[in-house]
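Chemist: One structure, as structure tokens, below. Some questions next.
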Amino acid sequence: MAIDYELIVGMEVHAQLSTQSKMFCGCSTDSWDSPPNSHTCPVCLAMPGMLPVINEEAVAQTIRAGLALNCTIAEDAVFARKNYNYPDLPKGYQISQYELPLAVNGWLDIDTAHGSKRIGITRAHLEEDTGKLVHDGDVSLVDLNRAGTPLLEIVSEPDLRTIDEVNEYLARLRQILIYIGASSGDLEKGAMRMEANLSLRPRGSSEYGVKVEIKNLNSFRAVRNSLEYEIKRQSALLDAGGEVEQVTMGWLEQEGRTYVQRSKESAHDYRYFPEPDLPPLFVERTWVHELRSSLPELPLARRARFQADYGLSQTDADILVADQSVADYYERVVAAVGGAMDAKKVANWFMGDLFRLLNQRDLSLTQSPISPDQFAALLKLVAGKTINANTGGKVLDAMFRTGEDAETIVEREGLAQVSDADVLARAVDCVLADHPEDVARYREGQTKLLGWFIGQVMRETRGKANPGIVRQVLLERLG
Ligand code: ZN
Ligand code: MN
């Protein structure tokens, strides 16, 4: 009989920090489209006698990330050498942090099906990236453009229990790093690389099973798929009375399977020791305070404020805060509308009409041809009943095409809503006179026809009639 296993996952994430220059030299980090080895110097090429210089901005970003993840910021941090040999690592060691990382003991809250859950952050430390190997037929070439790029490594506690929790953790972590400007979070450019440590145990057991590490996962999908694969593999093995081996695995995206890279190395294999070419870091508390005050409002706090201040549901607030520029734009529109329309209605316009137009044209909000003030002006015309909601949608379409103001379009196209009761009464009479049979059916009790009559009057007035007044006049006439 198959046993019900519980999944235990801890994540290690390497995020590329958004600095201009590399971790220990002045080479530019912006080398995505550059020829191989064009962003290198004697330091990152590991020429003999070259000495590293610490990038202050990278330290600042690590501390800010640590604060955003509720970590304690170390007073003393030490860089350490992590020794191993690999062709893309010219020094034969990576400069990292080992015993004294910059940030420890934090947490990150995630949403689960059962409410909010707190995931422990063991540590966040600063290190340098390696170069990369380019395999070309029988040969392997090395490109050191990336060597020495600052990386933030964030290690979580083994607090994640489902693949959905893992996914949510990664998405929230990425969102925070983007919010604070520490990383682009651009997965396609390798700005976030993930490793999953997982084990299984019979549900209800308190002991941990044997841990397997899956390395070099470059997308959330790869994390999900590799975990699914490993859960199947390990539970089948355990069901059959076998034992899971403690190994480090890779993930073959094409074949959809993991493979053993090596038996698990332990810390002593790396012969860590303090980096003799760098001084220890003494992190002044005043600097930490300054960095803390430089943090923006974080996503979950902003979501809670949107719910409280604007009366939004958690789902709607989540959509709006997902991207900082969207949340900023929304708040600017709400401010410019100035109470003429309530913030929840503004959100509906936002997520309905505006997002639809942006999606159709494959634009992000920052590329929107309409400014927050222009959008607010349109909403004020709707709120003030100068145009009805339906016409508002059409005007927005036209604004998107032309970049013109709503007022200009409404005036030129003569779209202002007709609220004049006499004018509307004539239109209603016209429609009723044209459809005597429908009038008779309505009077015999088919009152559902009211909506159809309203539609006919809207057509008669080319969509400009105030639907509330039309309804009123119709009810009077049909008695
Ligand atoms: Zn360099
Ligand atoms: Mn690392």
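The values are calculated or read from the model by the stated rules, or taken from the named source; none is laboratory data. Since the structure is predicted, the reported quantities are computational estimates derived from the model, not experimental observations. All Cβ positions, even for glycine, are placed from backbone atoms using ideal geometry, and neighbour counts span all protein chains on display. Side chains included, ligands, DNA and RNA excluded: accessible areas come from the protein's heavy atoms. Shrake-Rupley method; radii C 1.70, N 1.55, O 1.52, S 1.80 Å.
Chemist: Starting from residues that are farther than 14 Å from residue 97 by Cβ and aliphatic (A, V, I, L, M), keep the ones in region 50-80 and report whichever is nearest to ligand 2 (Cβ to nearest atom).
Modeler: Looking at residues that are farther than 14 Å from residue 97 by Cβ and aliphatic (A, V, I, L, M), I get 69.
Chemist: Criterion first (surrounded by fewer than 17 Cβ atoms within 10 Å (Cβ to Cβ) and within 16 Å of ligand 2 (Cβ to nearest atom)) does residue 181 satisfy it?
Modeler: no
Chemist: Name the residues in region 109-136 that are closer than 9 Å to residue 156 by Cα, away from ligand 2 (no atom under 16 Å from the Cβ) and buried (at least 21 other Cβ atoms within 10 Å of the Cβ), would you?
Modeler: Within region 109-136, just 119 meets the criteria.
For (1) more than 17 Å from residue 281 (Cα to Cα); (2) in contact with a strand residue (DSSP E or B) (Cβ under 6 Å, 6 or more places away or on another chain); (3) not assigned by TED's automatic domain parsing to the domain that holds residue 196, each residue gets a yes or a no:
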position	(1), (2), (3)
77	no, yes, no
83	yes, yes, no
90	yes, no, no
100	no, yes, no
117	yes, yes, no
141	yes, yes, no
145	yes, no, no
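Chemist: Which of the residues belonging to region 356-366 are open to solvent by 60 Å² or more (accessible area, probe 1.4 Å), touching a helix residue (DSSP H, G or I) at 6+ places or on another chain (Cβ under 8 Å) and in a helix (DSSP H, G or I)?
Modeler: Selection gives 366 alone.
Chemist: Scan region 82-91 and give yes if some residue there is away from ligand 2 (no atom under 16 Å from the Cβ), outside any loop (DSSP other than H, G, I, E, B) and open to solvent by 40 Å² or more (accessible area, probe 1.4 Å), otherwise no.
Modeler: no
Chemist: Of all residues in region 27-49, which are open to solvent by 40 Å² or more (accessible area, probe 1.4 Å) and either free of Cβ contacts under 8 Å to residues at least 24 places away in the same chain or within 16 Å of ligand 2 (Cβ to nearest atom) (or both)?
Modeler: Across region 27-49, the qualifying residues are 28, 30, 33, 35, 42, 47, 48, 49.
Chemist: Next up: Given region 387-441, what helices (runs of 4 or more DSSP H) lie entirely inside it while holding 3 or more residues that are under 27 Å from residue 361 (Cβ atoms) and either in contact (Cβ under 8 Å) with a residue 12 or more places away in the chain or open to solvent by less than 30 Å² (accessible area, probe 1.4 Å) (or both)?
Modeler: Because the criterion is at least 3 residues that are under 27 Å from residue 361 (Cβ atoms) and either in contact (Cβ under 8 Å) with a residue 12 or more places away in the chain or open to solvent by less than 30 Å² (accessible area, probe 1.4 Å) (or both), the helices (runs of 4 or more DSSP H) in region 387-441 that meet it are 389-402, 406-413.
Chemist: Just checking, how many residues over region 55-81 are acidic (Asp, Glu) and crowded, with 20+ Cβ neighbours inside 10 Å?
Modeler: Adding up the residues that qualify gives 0.
Chemist: Just one of 325, 263 is touching a residue at least 12 places away in the same chain (Cβ under 8 Å), hydroxyl-bearing (Ser, Thr, Tyr) and open to solvent by 70 Å² or more (accessible area, probe 1.4 Å); which is it?
Modeler: Selected residue: 263, the only one of 325, 263 that is touching a residue at least 12 places away in the same chain (Cβ under 8 Å), hydroxyl-bearing (Ser, Thr, Tyr) and open to solvent by 70 Å² or more (accessible area, probe 1.4 Å).
Chemist: Then there's this: Go through (1) under 28 Å from residue 230 (Cβ atoms); (2) small (Gly, Ala, Ser); (3) under 15 Å from the mean Cα position of the chain (by Cα) for residue 115 and report which single condition fails.
Modeler: Failing condition for residue 115: (3).
Chemist: Out of the residues in region 218-249 that are free of Cβ contacts under 8 Å to residues at least 24 places away in the same chain and in a loop (DSSP other than H, G, I, E, B), which is most open to solvent (accessible area, probe 1.4 Å)?
Modeler: The extreme case among them is 240.
Chemist: Look at region 192-217 and say how many of its residues are among the small types (Gly, Ala, Ser) and outside any loop (DSSP other than H, G, I, E, B).
Modeler: 2
Residue-wise test of (1) within 23 Å of residue 467 (Cβ to Cβ); (2) of a type outside the set (Lys, Arg); (3) at pLDDT 90 or above.
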site: 363; (1), (2), (3): no, yes, no
site: 366; (1), (2), (3): no, yes, no
site: 370; (1), (2), (3): no, yes, yes
site: 380; (1), (2), (3): yes, no, yes
site: 402; (1), (2), (3): no, yes, yes
site: 405; (1), (2), (3): no, yes, yes
site: 408; (1), (2), (3): no, yes, yes
site: 411; (1), (2), (3): yes, yes, no
site: 420; (1), (2), (3): yes, yes, no
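Chemist: Considering each of 353, 316 in turn, give the residue that is under 19 Å from residue 110 (Cα atoms) and in a helix (DSSP H, G or I).
Modeler: Being under 19 Å from residue 110 (Cα atoms) and in a helix (DSSP H, G or I) holds for just one of 353, 316, which is 316.
Chemist: Only one of (1) open to solvent by 10 Å² or more (accessible area, probe 1.4 Å); (2) at pLDDT 95 or above; (3) over 26 Å from residue 320 (Cβ atoms) is not met by residue 167, so which one is it?
Modeler: (3)
Chemist: Limited to region 93-107, what total is found for residues that are open to solvent by less than 20 Å² (accessible area, probe 1.4 Å) and more than 16 Å from ligand 1 (Cβ to nearest atom)?
Modeler: Summing the residues that are open to solvent by less than 20 Å² (accessible area, probe 1.4 Å) and more than 16 Å from ligand 1 (Cβ to nearest atom) in region 93-107 gives 6.
Chemist: Mind checking which pairs have a first residue in region 124-145 that is free of Cβ contacts under 8 Å to residues at least 40 places away in the same chain and a second that is in a loop (DSSP other than H, G, I, E, B) and within 16 Å of ligand 1 (Cβ to nearest atom), Cβ under 7 Å, 6 or more apart or different chains?
Modeler: From region 124-145, no pairs qualify.
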